Amino acid sequence: MGKKPARELRADIKDRIGNDAAVNYAPFPDVADEMVDNTGAIRPVWQRFIRHLEEMPERELTERFARADRYLRDAGVFYRAYGSTGTGERSWPLSHIPVLIDEREWEALSAGLVQRADLLEGIVADIYGDNKLVEGGVLPPALIAANPEFQRPLAGVTPAGGHYLHFCAFEVGRGPDGNWWVLADRTQAPSGAGFALENRVATTRAFSDVYAETPVHRLASFFGAFRDALQGMKHSGDDRIAVLTPGPANETYYEHAYIARYLGFMLLEGEDLAVVKGKVMVRTVAGLKPIGVLWRRLDSAYSDPLELNQSSHIGTPGLVEALRAENVTIVNALGTGILETRALLAFMPTICRELFGEDLKLPSIATWWCGQKDEREHVAANIEKMVIGPAYSRAPFFDDNGESVLGSTLRTSAVESIGEWLNTDGAKLVGQEVVRLSTTPAWIGGKLVPRAMSLRVFAARTANGWQIMPGGFARIGGSDDVAAIAMQSGGGAADVWIVSDKPVERHTLLPGEGSFTRNMPGSLPSRAADNLFWLGRYIERAEGALRILRAWHARFAEAADPSQPLLADVTDYLAAVDIDTADAVPETLLRNIDSAVYSASNIRDRFSPDGWLALTDLAKTARRFHSTVSPGDDASHAMTILLRKLAGFAGLVHENMYRFTGWRFLSLGRHIERGMHMTRLLGHMSGPEAPDGALDMLLEIGDSVMTHRRRYNVNTAPLTVTDLLALDPLNPRSILFQMNEIHHEVEKLPNAVVNGQMSPFYREAMRLHSGLAVMTPEAMSVEVYRRLERELEHLSDLLAQTYLG
């Protein structure tokens, strides 16, 4: 297809993509648009993409967008939204049409951001160092001294390596004149880089053919360079690198886990760490191990409850002490959140000239700090063009949860009192010029419509200086309102393509051809081991309950009489473990599955997307059955479906999980729980007082009916059932099989043998295994089963004391 003039191209699209999508694309007046220039022509960088859209019927576009959404859903990409009804996980709000920017324009923007990153480094070094900016009158003392982000214990503390900033983000927007402005700086714990990667993957699922033909700069080289830079910050070869997260309740926890998995770093919470003799150590199942670099994703104040925010429950006491000793590098240094202060934007031009002797290459949004008389008067005189907000806020006006006031929306009486408000609280307020951000195409209602946009661009300090990610992600307004850009307010996120006019390199984080080093997996943090262990226990507990409930409901469907002796006996047994047969899908079963999901959510960096999808699908199905299934045959069928889904999850884990320490704790949880489950069942249902049919039901629950028929050639009897379900080392449901597997896994755990001596946990596992291995069916009794159940519970406690404390 030959190239056509932009206007003709737009007209041709009319009949191809529905609702006059492109020909009626109408940018707002007096607002710059990313796709269309001020003459109404499609910009050159967009023409290839629009030409491809021309060839796609609306149905095909819908299918393409569905592929992208399905990828995000299957990968479990989410962010946590906060609202009046609490918090909850929401699917990532992808805006399917990427934002296209010409490589030459991006280079100019990048140069401005590199200068800004250096400027921010100089400012924070001065604030916590010589303080010459305040001393010389360039910065007002109140902006520092009264700032909640100024961490006084860090004053005079020089970071290891000499740099405060290693990873920054910038909110940038294009003004009506077509030039870029910085709306906000992100230095505290910048989020979004991982989401930018997921945006790229999802968008390329929708436009794989377009992406392959378009010379779009890849993102992998940016992450590879930063990973190498972090590796270079380690203090010794034994040091570890970790991403420090506030935990699963954080709105961007998914990204923390994704980045840790993508770069091969540990994902830790504050409780995983301890400071010993000025060194940061991670608690692992093999003991304390040194941490050399922490990429923190929590605010500075919460990092150390000993010297910073004493109410923090997510920090590590002594972290500031380790910083003073220069034994750990924190990315970014504690205290750098002060650079996000909104009022600081008003002083950036002056500071740049003071420190660098040059003007800012990339201006900030026009800002006036109202702690100064002339600035107060200017803001009051131009209130209809201003937005008034907190001076110490770290968010741009469209993302500050309604803390800002738009001057043009004030009533006359309120406008008249503005001067008094500014005079009283001016030091706490800033005025910022209201800007109309540029728009970009979004696919809404079957057509392209303009939506307000800002970019989040990332910068990483590497061995070669600051490197700007060739893209980032765009925040897209959910309506015509600029304030709706924030995703908490219903906005979306789009991929950003930096398009070259020549072929681009295709980078990857995979090693190149040639020699390589096979690194063994890192030490397993105790908290991760704890969650893996309990994931195994909860999954097995749920499976055990499902098997009993299926057998119970199958017999209830035949007898329709819950007072029948066998049903009544099993009902009593289930009641003792808090399972009510009156509910087809009992709440206790749901709690066990939900607990398994929660345990898995705490180790997302160690959990495959397929495994997570299978587990959450199990939980959703169980919840649906809880409200729709009736006791009897329906419930029995529902239990079978849930067992199949659970088996699918277990199979994924069994086939795909690397056989190292994490696998051992997951397996130990499953084998201990299965052993306790079978021990409890045999003690209750194989004794002389068990009702008729109990032995057959036991074999069904133990999934051993066919095996019993083949091995014993007799009807069920207490001795044969005991032999098969308790003492057969080849039956994966028997107690002895669980003890064999426990013994096999325990002997491979760290510190199982120290100085030739078994650990108490190993010794107890050996004792239980050998004691059961020499038992005969005749010797197994209710008392033996009860003792064995207590001993397995004690073994679980010993494991926790040895490895999980």
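The values are calculated or read from the model by the stated rules, or taken from the named source; none is laboratory data. These numbers come from a predicted model, not from an experiment. No Cβ is skipped: glycine too gets one built from the backbone with ideal geometry, and neighbour counts run over all protein chains shown. For accessibility, only protein heavy atoms count, side chains too; no ligands or nucleic acids. Shrake-Rupley method; radii C 1.70, N 1.55, O 1.52, S 1.80 Å.
Report Rg (one decimal) and Dmax (nearest whole number) for the chain, counting Cα atoms only, units Å.
Considering the chain through its Cα atoms, Rg and Dmax are 31.5, 100 Å.
Summing -39500 (n - 2.57) over the DSSP H runs of n ≥ 4 in the chain and dividing by its residue number, what mean residue ellipticity at 222 nm do you reach, to the nearest 500 deg cm²/dmol?
-13500 deg cm²/dmol
Just in the stretch 694-766: which chymotrypsin sites (Phe, Trp or Tyr not before Pro) are loop by DSSP and have at most 11 other Cβ atoms within 10 Å?
In loop regions of the stretch 694-766 (DSSP not H, G, I, E or B), there are no sparsely surrounded chymotrypsin sites (Phe, Trp or Tyr not before Pro).
Taking amide H positions as placed 1.01 Å from N in the peptide plane, with prolines and chain starts having none, which residues 5 or more places from T462, or on another chain, fall under 5 Å of its amide H?
Result for T462 returns Q467.
Among F356, P777, L139, which residue has its Cα positioned farthest towards the positive end of the charge dipole of the chain, with +1 placed on the Cβ of Lys and Arg, -1 on the Cβ of Asp and Glu, and the dipole taken about the Cα centre?
Farthest towards the positive end: P777.
As a test of reading the structure, rank R537, R674 by solvent-accessible area (1.4 Å probe, protein chains only), most first.
Of R537, R674, the descending order of accessible area is R674, R537.
Specify which residue in the list I672, L589, M697 is farthest towards the positive end of the charge dipole of the stretch 579-708, using unit charges on the beta carbon of Lys, Arg (+1) and Asp, Glu (-1), about the Cα centre.
Farthest towards the positive pole: I672.
So how far, in whole Å, is the C-alpha centre of the stretch 580-635 from the one of the stretch 736-793?
Cα centroid to Cα centroid, the span is 31 Å.
Would you be so kind as to identify which of T316, T329, T341 lies farthest towards the positive end of the dipole of the stretch 296-344, taking Lys and Arg as +1 and Asp and Glu as -1 on Cβ and the Cα centre as origin?
Value: T341.
³J(HN,Hα) across the stretch 235-240 via Karplus (A = 6.51, B = -1.76, C = 1.60, θ = phi - 60°), whole Hz, x for Gly/Pro?
Result, ordered by residue: 7, 7, x, 8, 5, 10 Hz.
Using amide H atoms built 1.01 Å from N in the peptide plane, name the residues 5+ places from W295, or on other chains, whose amide H lies under 5 Å from its own.
Under 5 Å from the amide H of W295: A242, V243, L244, V331.
Go through the stretch 745-788 and name the GluC sites (Glu not before Pro) that are in a DSSP coil and have 15 or fewer other Cβ atoms within 10 Å of their Cβ.
E747
May I ask you to give the percent of accessible area on the chain that is carbon plus sulfur, with a probe radius of 1.4 Å?
That fraction is 49 percent.
Considering only protein heavy atoms, what per residue accessible area in square angstrom results for the chain with a 1.4 angstrom probe?
42
Give the lysines reachable from K620 as a straight Cα distance under 27 Å; neighbours fewer than 8 places away on the same chain don't count.
List returned: K645.
Do any GluC sites (Glu not before Pro) in the stretch 319-394 lie in a loop, going by DSSP, with at most 16 other beta-carbon atoms within 10 Å of their beta carbon, and if so which?
Loop-located and lightly packed - E326, E358.
Can you spot the lysines whose alpha carbon is less than 29 Å from K289's alpha carbon? Ignore those fewer than 8 places along the same chain.
Within reach: K234, K277, K279, K748.
Does anyone have the angle between helix 44-54 and the longest principal axis of the chain? Alpha-carbon axes, 0 to 90°, nearest 10?
Here the helix axis deviates by roughly 50 degrees.
Long-range amide H contacts for E307: which residues qualify at under 5 Å (H placed 1.01 Å from N, peptide plane, sequence gap of 5 or more or a different chain)?
Amide H to amide H, under 5 Å and 5 or more residues apart or across chains, E307 pairs with G318.
Over all directions, how big on average is the projection of the convex hull of the alpha-carbon atoms in the stretch 522-561, in square nanometres?
Numbers: hull surface 13.0 nm².
Over every viewing direction, the Cα hull of the stretch 522-561 projects on average to 3.3 nm².
Sorted by accessible area with a 1.4 angstrom probe, largest first, how do H52, H553, H313 fall?
Most to least solvent-accessible, the answer reads H313, H52, H553.
Using the Karplus curve 6.51 cos²θ - 1.76 cosθ + 1.60 with θ = phi - 60°, work out ³J(HN,Hα) for each residue of the stretch 365-376 in order, rounded to whole Hz, and write x for Gly and Pro.
4, 4, 9, 10, 7, 7, x, 10, 4, 4, 5, 4
Would you mind checking the tilt of helix 565-576 against the longest principal axis of the Cα atoms of the chain, expressed as 0 to 90 degrees and rounded to 10?
The answer is roughly 40 degrees.
Treating only the Cβ atoms of Lys and Arg (+1) and Asp and Glu (-1) as charged, compute the dipole magnitude of the chain about its Cα centre; round to the nearest 20 debye.
Numbers: 83 positive and 102 negative charges, 294 e Å.
That gives a dipole near 1420 debye.
Taking Cα centroids, how far is the stretch 43-73 from the stretch 671-728 in Å?
59
Distance from the Cα centre of the stretch 539-577 to that of the stretch 236-275, in angstrom?
43
Can you work out the Karplus-derived ³J(HN,Hα) for every residue in the stretch 467-472? Use 6.51 cos²θ - 1.76 cosθ + 1.60 with θ = phi - 60°, whole Hz, and x for glycine or proline.
Listing the rounded values in order: 10, 9, 4, x, x, x Hz.
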